[in-house]
Amino acid sequence: MTAKAAPATTNGHVPELELPPAALELVAARFRALGEPVRLRILQILAQGECPVSRLVSLIGSTQPNISKHLRVLQDVGLVERRPQGSVANYAIADATVLELCDLVCAGVRERLESQVNAMRAKGFTGVR
């Protein structure tokens, strides 16, 4: 029996083959992990290179326990990894595909916002940058 080719979506992308329910649960867990702005900020910072918790705390302006909690969630779903170095633990991106996904979503949001600003300008709203 030959496998049927998956139909292309409206943007021409051909979706991956269907995943079993257990795998879909893992995918859903990753999306849930991305549903928190602090975690997205952590990923933005780690995209620049590995970083200790203390630096993440400083850059994000949160508490160490809060940042550690968010790092644990990202680590549990395989998006970041912990690299002990002596008495300090550095964190790094474990799966670079998350950065590609974030780039795609951010580009879509940026386009939508630009479109809304342009529509407001066309209607005569002033003070819109």
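Do we find that residue 62 is part of a loop (DSSP other than H, G, I, E, B) and under 20 Å from the mean Cα position of the chain (by Cα) in this structure?
yes
Conditions: (1) of a type in the set (Asp, Glu); (2) modelled with pLDDT under 95; (3) over 20 Å from residue 28 (Cβ atoms). Residue 100 meets all but one. Number of the miss?
(3)
Return the residues of segment 85-129 that are part of a loop (DSSP other than H, G, I, E, B) and of a type outside the set (A, V, I, L, M); say none if nothing qualifies.
86, 87, 95, 123, 124, 125, 126, 127, 129
If you go through segment 74-84 one residue at a time, how many are assigned to a helix (DSSP H, G or I) and surrounded by fewer than 17 Cβ atoms within 10 Å (Cβ to Cβ)?
2
Counting only residues that are free of Cβ contacts under 8 Å to residues at least 40 places away in the same chain and part of a helix (DSSP H, G or I), which one in segment 45-59 is nearest to residue 98 (Cα to Cα)?
Residue satisfying both the conditions and the ranking: 45.
The values are calculated or read from the model by the stated rules, or taken from the named source; none is laboratory data. None of these values were measured; they are calculated from a predicted model. For neighbour counting, all protein chains shown are included, and Cβ atoms are generated from backbone atoms with ideal geometry for every residue, glycine included.
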